[in-house]
Amino acid sequence: MLEPEQEALLAEMVEAARSVPRHEQKFFVAEYDGGEVLVGAGLQREILGRDIRSLVRAGLVEETVRDMLIGSCDLHITSDGYAHHAAMRQREGEPADRIEGEVRRLLDAERFRGAYPEAYRLWAEAEALLWDDASERNLSTIGLKLREAMQEFAAALIASYGPEDADPRPQATKNRIRAVIDQHRSLLGERRSYLLAALVDYWSCAVDLVQRQAHSGEPGTETATWEDARSAVLHTGVLMSEIASALPE
């Protein structure tokens, strides 16, 4: 039996491995400031060493000796590891439930939380309000938190990538994200550039949905429902995770 944190680690490794060519689907553990860090396939996160050892003992990850003199080795996900990951996803319920679970997992991953802490915090607070006993009274608060999350995400992208002539207005999230994409278009390649351009248009639709949520109940506005709030939380999470993962490190 694996602990939840160990299953979450396996899921991160599987998703990272699937995002790179086969010859890059390997990992190694390095010591860093007294702790341990898992590195490989575009993934870098602090771990508890025994979690990796538990995955190895369970046959979900295998070790391949790289240097016998210093005892270093590469880690590869086994076929049983991929099968276990698939079973984990099946346990999460119907396809729609699994997609929402995947969004939560991606945003909760160390890579996203570390790069966009404020955006993650605000999104997580909005998501938690969905399941609160007073969720019907929190509909506008959910929208306000999502709007702040989107602005914080765009601000973090600007701070990290530093595009020239970026729109200085915090509320101009679409323009700010587009500036980051345009700056890296040559590195992204044609396929990813088109994907990100489409995501920016998708972002505009999500902004409208969140704005409606934030102003729910105000005079002259259409009253939002709990399902509207769930949709706004889901799409905001999808967009932030997809844009973050598509941009270069």
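I need the phi-derived Karplus couplings for segment 78-83: 6.51 cos²θ - 1.76 cosθ + 1.60, θ = phi - 60°, integer Hz, Gly and Pro marked x.
Ordered by residue, 3J(HN,Hα) equals 7, 4, 5, x, 5, 5 Hz.
Under 10 °C and 1.306 mPa s, how fast does segment 4-87 diffuse according to Stokes-Einstein, given a Kirkwood radius computed over C-alpha pairs? Answer in µm²/s, whole number.
Using the Kirkwood radius from Cα pairs, D works out to 123 µm²/s.
For the ranges 166-174, 145-153, 30-38, what's the packing order if you count other beta-carbon atoms within 10 Å of each residue, average per peptide, and put the highest first?
Highest to lowest by the protection proxy: 145-153, 166-174, 30-38.
Express the relative contact order of segment 4-87 as a whole percentage, based on alpha carbon pairs under 8 Å and six or more residues apart in sequence.
26 percent
In which sequence would L187, L239 go, from the one with the fewest C-beta neighbours within 10 Å to the one with the most?
Least to most surrounded, the residues fall as L187, L239.
Read the figures in this text as sums done on the coordinates, not as results from a lab. Predicted model only: the values in this text are computed from it and were never measured. All Cβ positions, even for glycine, are placed from backbone atoms using ideal geometry, and neighbour counts span all protein chains on display.
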